[in-house]
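Written out below as structure tokens is the structure these notes cover.
The values are calculated or read from the model by the stated rules, or taken from the named source; none is laboratory data. As the structure is a prediction and not an experimental result, all values here were calculated from the model. Positions of Cβ are generated from backbone atoms using ideal geometry, with glycine treated the same way; all protein chains shown enter the neighbour counts. We work out accessible area using only protein heavy atoms, side chains counted, and drop any ligands, DNA or RNA first. Shrake-Rupley method; radii C 1.70, N 1.55, O 1.52, S 1.80 Å.
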Amino acid sequence: MALAKMSKTLEESPNAHINKTLIEKYMSLPMPEGKIQATYIWIDGTGEHVRCKDRTLDFIPDKPSDLPIWNYDGSSCYQAEGHNSDVYLHPVAIYRDPFRRGNNILVMCETYRFDGRPTESNKRRTCREVCDQVAGEKPWFGIEQEYTLLDIDGRPLGWPKNGFPGPQGPYYCGVGADKVYARDIVDAHYRACLYAGVKICGTNAEVMPAQWEYQVGPCEGISMGDDLWMSRFLLHRIAEEFGIVATLDPKPMPGDWNGAGAHTNVSTQAMRDEGGLAEIEKAIAKLSTCHERHIRAYDPRGGKDNERRLTGKHETSSIHDFNAGVANRGASVRIPRGVADEGKGYFEDRRPSSNCDPYVVCEAILRTICLDE
């Protein structure tokens, strides 16, 4: 019955009505000599959603600075007033395009106002400055991006329309049509990230049915934010083709269901070297002194989204308290058991929400553990 309901819902999605095979005769047309298509991608004024638009180039760029600065209507992206709406796109990272393939590219961009100031949602600029300051410590990050797949009506994919699935338990890393939904999207996204050059390193079904996770990293410095934002673009773009919505809402279903986070794994060279556990413990001690500041940085609404998720239940810590522990998934910061046994490695900050800005998260952590700010 669940599969029949899912099929009916997908038929209600406009994108699901489109015959996807028809586009192949157009996409297989040869490109004119020396021409490529570039998709410019940016973060809009919400600080959690991406936008994109395409242009034709008559050369193949070697680096982001080869690409032209472009602009868009910021008043339609919550970033400018209509009487002065131009916002400028500065290319900062290039990825291969898994949709058009060939020499076509995806371009991650920073956003700037007409007077050269970064927009409110451009958090990359200050993150890059901090990453440059601490480059000698070789900070590595890995982020575990959780998300939930929804029908076009906002209901988790595969859930009964007038009820709920069975209690959590069999769904995490599950196998079988009664336990996981839309693995096709997950596999397509995984392969697209690898093709594009995103440093994706794994994926799994999560605790709540229709909830999934993928991991990006380890990435050094600013590339963590670039790769995670690009992976999110690819996720939304692929789900769009299937007529399904991928949401990063940190608590999409109230009640006795797990929320979604972006657990952030962190290490410096000193933590990875022999005796690194002592450096990890020093970093955690620093984090414990500025819990409230980090909570404000860990979701786009200054902690309001995390209030719904960090309740002390469903494998979370309380938003009001800081705690740390070895192999404790109910802690603010977790030291993996293997790290404690080996005496070196990394720690996991479990507080960032699924819709966090990774630039903000990485900057906040580096300022605390490396710059003592």
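One table, with the values for the structure above:
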{"item": "Alpha carbon Rg of the chain, scaled by the compact-globule rule 2.2 N^0.38 Å", "result": "1.01"}
{"item": "Highest average packing first - 201-212, 227-238, Cβ atoms within 10 Å", "result": "227-238, 201-212"}
{"item": "Per residue accessible area in Å² of the range 19-167, where ligands, DNA and RNA are left out and the probe is 1.4 Å", "result": "53"}
{"item": "Within the accessible area of the chain (1.4 Å probe), percent carbon and sulfur", "result": "51"}
{"item": "Proportion of all alpha-carbon pairs of the range 130-264 beyond 24 Å (%)", "result": "31"}
{"item": "Gyration tensor verdict on the range 1-132 (Cα atoms; rounded if a/c is under 1.5, prolate if a/b is larger than b/c, oblate otherwise)", "result": "oblate"}
{"item": "Cα-based shape type of the range 303-373, given that a ≥ b ≥ c are square roots of the gyration tensor eigenvalues and the cut on a/c is 1.5", "result": "oblate"}
{"item": "P(r) histogram, all alpha-carbon pairs of the range 130-172 included - 5 Å bins from 0, percent", "result": "5, 14, 15, 14, 10, 7, 5, 8, 10, 8, 2, 0"}
{"item": "Long-range HN-HN contacts of LYS53 with modeled amide H, under 5 Å", "result": "TYR40"}
{"item": "Mean Cβ neighbour count within 10 Å, used as a protection proxy, ranking 266-274, 120-128 highest first", "result": "120-128, 266-274"}
{"item": "Theoretical ellipticity at 222 nm over the chain - DSSP helices of four or more residues, -39500 (n - 2.57) apiece, nearest 500", "result": "-8500 deg cm²/dmol"}
{"item": "Too-long pairs where the Cα-Cα distance tops 28 Å, listed order kept, from LYS286/LYS344; LYS199/LYS344; LYS286/LYS313; LYS25/LYS179; LYS138/LYS199", "result": "LYS25/LYS179"}
{"item": "Rounded accessible area per residue of the range 242-293, 1.4 Å, Å²", "result": "40"}
{"item": "Rounded, prolate or oblate (a/c below 1.5 giving rounded, otherwise prolate when a/b exceeds b/c) for the range 217-290 by Cα gyration tensor", "result": "oblate"}
{"item": "J(HN,Hα) series, the range 185-191, from Karplus relation 6.51 cos²θ - 1.76 cosθ + 1.60, nearest Hz, glycine and proline x", "result": "5, 4, 5, 4, 5, 4, 5"}
